[in-house]
Amino acid sequence: MSQPETSKKAGATFMWVLGAFAGFAVLFTLIQAFNESKQGFDPREQERFNNTAEILKAQTDNIAKLGLNDAAKKKAVFEKTLAALASKPVGASTQVVPGSPTQLKQAAAAAPAAAPAAPAPAPAAPASPK
């Protein structure tokens, strides 16, 4: 048997698809550039910059108040924290991951029986005539 001839159309089709993809990419880039230029000025920009400056100042003040500006103090605090965390015993987690064997086992277990409903109050006896 002879080898089948490869079609030249396959390569041309691939090039057309590649060209269409590139054309859409260029079109998308142009549309994005046009839309970004129309968004304009954000009137809250200065307020956001002021808020950021205020937050950064408060954080800097808190770090200074805790004495963490000094590298030696910072290292001592972090080493003390690390030692405290290392001394804690490792415990079992109470979190259950959905789909895990533990969760499936809990789901398969029988749910606790519901408490029996309280009996309905008896109807009041009719009042006797006087």
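Residues in region 34-71 that are small (G, A, S) and either under 30 Å from the mean Cα position of the chain (by Cα) or not in a helix (DSSP H, G or I) (or both): G40, A53, A58, G67.
Go through the residues of region 72-85 one by one and say whether even a single one is on the phi < 0 side of the Ramachandran plot and either in a loop (DSSP other than H, G, I, E, B) or touching a residue at least 12 places away in the same chain (Cβ under 8 Å) (or both). No; the residues of region 72-85 include none that is on the phi < 0 side of the Ramachandran plot and either in a loop (DSSP other than H, G, I, E, B) or touching a residue at least 12 places away in the same chain (Cβ under 8 Å) (or both).
Bear in mind that the values in this text are calculations on the coordinates, not laboratory data. Note that this is a predicted model, so its numbers are computed, not measured. Cβ: placed from backbone, ideal geometry, glycine included. Neighbour counts: every protein chain shown.
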